[in-house]
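The values are calculated or read from the model by the stated rules, or taken from the named source; none is laboratory data. Treat the numbers as computed from the prediction; the structure is a model and nothing was measured. Every residue, glycine as well, gets a Cβ built from its backbone with ideal geometry; the counts of neighbours run over all protein chains shown.
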Amino acid sequence: MAYQNFFRKIKKGNKNHGFPKFKSKKDNNKSYRTQCMYRDNSVPSIEIKENKIKLPKIGLVKFVKSREIIGQIKNVTVSQVPSGKYFISILCEIPEPIKLLKTDKGIGIDLGIKDFAITSEAEIIDNPKYYRKYEDKLAKLQRQLSKKQKGSNNRNKTRLKVARLHEKIANTRTDFLQKLSTRLINENQIICLEDLNIEGMVKNHNLAKSIADASWSSFVTMLNYKSIWYGREISVVDRYFPSSKLCNVCGWKYVNLDLSVRNWICPECGSNHNRDVNAAINIFKEGLRLIS
Ligand SMILES: [Zn+2]
């Protein structure tokens, strides 16, 4: 009955009341999961009809699909995030994906500073539109939050705004990374990347930087599982490999290359280098060497 109540209230647009009791009210992410199988070996019936999902004991609930649901539904988890919104995550069992046809194309990718990444083909992969704007807004809100008195109503309101913006940024980022990783996997047989010290980076206090690092880390995760699904290869280059400092044409090493130098000419062979493209080409070459 508790759940019937809760969903009836959601439908009326009353988001903050009637949610069933969770184990701990202090949990930031409150959630409940349906069982995969009952004691009598029967399976809960969960069905999706357009924009509605039928849940056991609850019935039909309206929801917004973030992506296509394929395969057989095993269970669903309903959760409430700190901003107060409800999410349903659906666990499906899917048949073995069909491997893509092999291609001879490969690519190296260098993580960008201003942009998301640069490829060995000199493609600049921009961060999603509005991203910078959201980041600035988030930094501003967080400064406001730190000045508000603990336990005050104003503080709670600001905290909710911060949580909503975090969610918006995360959703924009996930969507962007899903599309990008799918495209790169479709186009290339081998993708070469840098191994970044994510643990060390998470401790970084610069907000924009920490978001970029988190993006990179989930991007690498997506590429890894998609490469297994579709029969592609990912080659990870050691983080101490001097990808920026080597001339990709003759191998000369620019020992004291400063971060501010964006373009340079190799004194040995005269090649003109864009710092990031050169790094991406070196990552590609080194990645190929490692798997050959
Ligand atoms: Zn050179």
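Looking only at residues in the range 26-80 that are modelled with pLDDT of 80 or more, in a loop (DSSP other than H, G, I, E, B) and in contact with a strand residue (DSSP E or B) (Cβ under 6 Å, 6 or more places away or on another chain), which one is surrounded by the fewest Cβ atoms within 10 Å (Cβ to Cβ)?
If we take residues in the range 26-80 being modelled with pLDDT of 80 or more, in a loop (DSSP other than H, G, I, E, B) and in contact with a strand residue (DSSP E or B) (Cβ under 6 Å, 6 or more places away or on another chain), then 46 is surrounded by the fewest Cβ atoms within 10 Å (Cβ to Cβ).
Quick one: which helices (runs of 4 or more DSSP H) sit completely within the range 196-291 and have at least 2 residues that are at pLDDT below 85 and surrounded by fewer than 12 Cβ atoms within 10 Å (Cβ to Cβ)?
Numbers: elements: 198-202, 207-230, 275-291.
Ranges flagged: 198-202.
Surrounded by 15 or more Cβ atoms within 10 Å (Cβ to Cβ) and among the aliphatic types (A, V, I, L, M) - does that describe any residue in the range 151-163? Step through it out loud before you land on a result.
Filtering the range 151-163 for residues surrounded by 15 or more Cβ atoms within 10 Å (Cβ to Cβ) gives 155, 158-159, 161-163.
Still in the list and also among the aliphatic types (A, V, I, L, M): 162-163.
Looking for residues that are surrounded by 15 or more Cβ atoms within 10 Å (Cβ to Cβ) and among the aliphatic types (A, V, I, L, M), one finds at least one in the range 151-163, hence yes.
What are the residues in the range 142-168 that are of a type in the set (Lys, Arg) and over 15 Å from residue 82 (Cα atoms), if any? Show your work before the answer.
Taking the range 142-168 first, the residues of a type in the set (Lys, Arg) are 143, 147-148, 150, 155, 157, 159, 161, 164, 168.
Result: 143, 147, 148, 150.
Out of the residues in the range 138-179 meeting the condition of being in a helix (DSSP H, G or I) and hydroxyl-bearing (Ser, Thr, Tyr), tell me which one is nearest to residue 221 (Cα to Cα). If you could, list the steps in order and put the result at the bottom.
In the first step, residues of the range 138-179 are kept if they are in a helix (DSSP H, G or I); the result is 138-147, 153-179.
The next check asks that each one be hydroxyl-bearing (Ser, Thr, Tyr); those that pass are 146, 158, 172, 174.
On the way: 146: 33, 158: 32, 172: 17, 174: 12 Å.
The selected residue is 174.
Just the residues that are within 15 Å of residue 120 (Cα to Cα) and away from the ligand (no atom under 15 Å from the Cβ), please, taken from the range 238-288.
Across the range 238-288, the qualifying residues are 276, 280, 283, 284, 286, 287, 288.
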